[in-house]
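Reading through the structure tokens given below for one structure.
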2 protein chains.
Amino acid sequence: MSSGTPTPSSARVVTLEQPAVDAAREAIADGIDREALVTVFGRCTVDYEGRASSTLEAGDRHVMLKPDGAALVHTDEGQQPVNWQPPGCTHAVSCDPAGDEDGAEGESVLVIESVRSTPDERLCVRFQNVVQVSAFSGTDENDIALSGTEEDLRQRILEEPALLETGFTPLATERETAAGAVDIYGEDAAGRTVVVELKRRRVGPDAVGQLRRYVDALERDLHADAEVRGILVAPSVTDRADRLLVDHGLEFVSLEPTSE
Amino acid sequence: MSSGTPTPSSARVVTLEQPAVDAAREAIADGIDREALVTVFGRCTVDYEGRASSTLEAGDRHVMLKPDGAALVHTDEGQQPVNWQPPGCTHAVSCDPAGDEDGAEGESVLVIESVRSTPDERLCVRFQNVVQVSAFSGTDENDIALSGTEEDLRQRILEEPALLETGFTPLATERETAAGAVDIYGEDAAGRTVVVELKRRRVGPDAVGQLRRYVDALERDLHADAEVRGILVAPSVTDRADRLLVDHGLEFVSLEPTSE
DNA sequence: GGCTAGATCTCGCTT
DNA sequence: AAGCGAGGTCTAGCC
């Protein structure tokens, strides 16, 4: 399928600049129908109601509607969208009479709504001015390959258990306890039960609490005076987390997800 | 400053469709210089190296470069970008000889790099085909107004402490302990110290661990046999969290951030 | 659908 | 710069 020359992309775009409201509505509706990725840039207000509720007065923003139902409203700042809707929403576009101070005007505004249920949530973007509408179609067959995750750290220990400590033997991953699944369950050189909690980066008090719950649960499960060791594995810990570890008789081993 | 008619937006856009590599490079560089919000859609590969590392083979994606240094790479699926760079990065755009199988070709590809330090991180997007380049300029003076947050829940209780329980008296918010700041610190009708942990939504085991740490820390701080009550306030709790509450002698009060 | 925990979490705040 | 916790977190996996 692939040749020496780059595969010519089948990607397409339809772009409108400064469109009239109705032309914008049509282009957006068409893009949604064609399952394109639709973007709209212009001056708009944004209202959200659902798990919480929010309002945002007029400003120039970039709106992205994805064919899977996701919606994103971006300002010129921040990595995160100022408003959004998760995948699974239904996008709708329409024209409304301008609901401004002068209701008698013949002007109309472009309205984009993204709605979902469970939970009921609605995002409404009203454009006073549309600067650009684009509808992108393309293909993306490839998934991202990521390394340096907690899963990599787990693999590293399973392949070389001595990294944790000499004589450590992993017996299970995701072993279930009354408090939830343990990252690595095993035993030490002396045959004592070991619970290992993995974190890909420096950890704070939360991770200690997690490990503590697993150790407590296992000590009950395994009956009586069973001694269960809890080991937190991470690149490093904060001071407060370290104090908590000591207070609760838990241990720490410094390891990173990947070697170097 | 604002009149009866909608303020004409000063927002502008420069759009190129199917640009030659060098024209794309120039438009993007110019947009970055002008502190515009720049978007590029086309077939690209993406490489990331930093806190973790990732690679992504060719596909059609939407790239957004923000003037604050943020970079986002979106596919047609998901609310989250497949790759990104946080605000504070430096964006750079250039043309490279096509690094494909046939190195002798005169073709060149468009390369966008976003780099930051602390931690050292680099994102590199290589476009085989550029379908559209846009550079948006606009203004956004307004901040979002959000309600239904934990802060709203706090205000609700401070204004009507009896919502927690009859006779409750708040004494401080964000009261510092050895384990961190407590959401609400107060005392009950009998004069006993009360620690309140707030959550805007249904909570699991984590929140119980948090409350537990605060109560433990205060019992040590306040000396000896001081009895400290810990109350978790949230709309609801999971079964496992409820069991943990009971096990550790903690209490639960059901409250939502806003009244209906 | 709910529960649990991870994430290159991001973001804001405080030290 | 680091620590800490909130978030409309989102997302994946499992039950």
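The values are calculated or read from the model by the stated rules, or taken from the named source; none is laboratory data. Keep in mind it's a predicted model, so treat the numbers as computed, not measured. Please note: Cβ atoms are built from the backbone with ideal geometry, for glycine as well, and neighbour counts cover all protein chains shown. Note: accessible area is taken over every heavy atom of the protein model, side chains too, but ligands, DNA and RNA are not part of it. Shrake-Rupley method; radii C 1.70, N 1.55, O 1.52, S 1.80 Å.
In nm, one decimal, shortest first: how far is the label point of A:ALA29 (7 Å from Cα along Cα to beta carbon) from the matching points in the other copies?
Relative to the other copies, A:ALA29 has label-point distances of 4.4 nm.
Which one of B:LEU123, B:PHE41, B:ALA226 is farthest out on the positive end of the charge dipole of chain B, using unit charges on Cβ (Lys, Arg +1; Asp, Glu -1) and the Cα centre as origin?
Going by the charge dipole, the pick is B:ALA226.
So between A:THR258 and A:VAL246, what do we pick up on full extension, going 0.36 nm a residue minus the alpha carbon distance? Provide the component values of the computation, followed by the final result.
Numbers: separation 12, 0.36 × 12 = 4.32 nm, distance 2.66 nm.
Gain on stretching A:THR258 to A:VAL246: 1.7 nm.
In Å, the Kirkwood hydrodynamic radius of the stretch A:136-208 over pairs of distinct alpha carbons? If you can, show how the numbers build up before the last one.
Numbers: mean 1/r = 0.0696 Å⁻¹.
Radius from the Kirkwood sum: 14.4 Å.
What number comes out for accessible area per residue over the protein assembly as shown if the probe is 1.4 Å? Units Å², please. Display every interim value, and only then the final one.
Working: 24620 Å² over 520 residues.
Per-residue value: 47 Å².
Quick one: Kirkwood hydrodynamic radius for the stretch B:162-260, alpha-carbon pairs, angstrom, one decimal?
Numbers: mean 1/r = 0.0741 Å⁻¹.
It works out to 13.5 Å.
Order the peptides A:228-235, A:186-193 from the highest to the lowest mean number of other Cβ atoms within 10 Å of their residues.
Working: A:228-235: 21.9, A:186-193: 13.9.
In descending order of packing, they fall as A:228-235, A:186-193.
May I ask for the accessible area buried between chains B and A, both sides summed, probe 1.4 Å, to the nearest 100 Å²? Could you put the intermediate results ahead of the total?
On the way: alone 15450 and 15470 Å², together 24620 Å².
The B and A chains share an interface burying roughly 6300 Å².
Name the residues of the stretch A:201-235, by number, that are at least 50 Å² less accessible with every protein chain in place than in the isolated chain; the surface is that of heavy atoms, probe 1.4 Å, without ligands or nucleic acids.
Hits at the 50 Å² cut-off: A:ARG212, A:ARG213.
Please work out whether the protein assembly as shown counts as rounded, prolate or oblate from its C-alpha gyration tensor, where a ≥ b ≥ c are the square roots of the eigenvalues and a/c under 1.5 means rounded, while otherwise a/b larger than b/c means prolate and anything else oblate? Write down the numbers at each step before the final one.
Values: a/c = 2.61, a/b = 1.39, b/c = 1.88.
Note, shape of the protein assembly as shown comes out oblate.
Lysines near B:LYS199 by alpha-carbon distance under 29 Å, same-chain residues fewer than 8 away left out - which ones?
Within reach: A:LYS199.
Are there any residues in the stretch A:118-155 with a reduction of at least 40 Å² in accessible surface when going from the isolated chain to the assembly of protein chains? Probe 1.4 Å, please list them by number.
A:VAL131, A:GLN132, A:PHE136, A:THR139, A:ASP140, A:ASN142, A:ILE144, A:ALA145, A:SER147
Using a 1.4 Å probe over the heavy atoms of the protein chains, calculate the carbon and sulfur portion of the accessible area of the protein assembly as shown as a whole percent. It would help to have the intermediate numbers written out before the result.
Values: 11250 of 24620 Å².
Here carbon and sulfur together make up 46 percent of the probe-accessible area.
Counting partner chain Cβ atoms within 10 Å of every residue's Cβ in A:60-67, what's the average?
Numbers: counts 12, 6, 7, 0, 6, 0, 7, 2.
Mean partner-chain Cβ count within 10 Å for A:60-67: 5.
Would the stretch B:12-137 count as rounded, prolate or oblate if I go by the C-alpha gyration tensor, calling it rounded below 1.5 in a/c and otherwise prolate when a/b exceeds b/c, oblate otherwise? Before the final figure, lay out each step's value.
Working: a/c = 1.45, a/b = 1.08, b/c = 1.34.
Cα axes put the stretch B:12-137 in the rounded bin.
Using Cα pairs closer than 8 Å and at least 6 residues apart in sequence, work out the relative contact order for the stretch A:8-81, in percent. It would help to have the intermediate numbers written out before the result.
Details: 80 pairs, mean separation 15.7, N = 74.
So the answer I get is 21 percent.
Sort chain B into rounded, prolate or oblate with this rule: let a ≥ b ≥ c be the square roots of the eigenvalues of the Cα gyration tensor; rounded if a/c is under 1.5, and if a/c is not under 1.5, prolate when a/b is larger than b/c, oblate otherwise.
prolate
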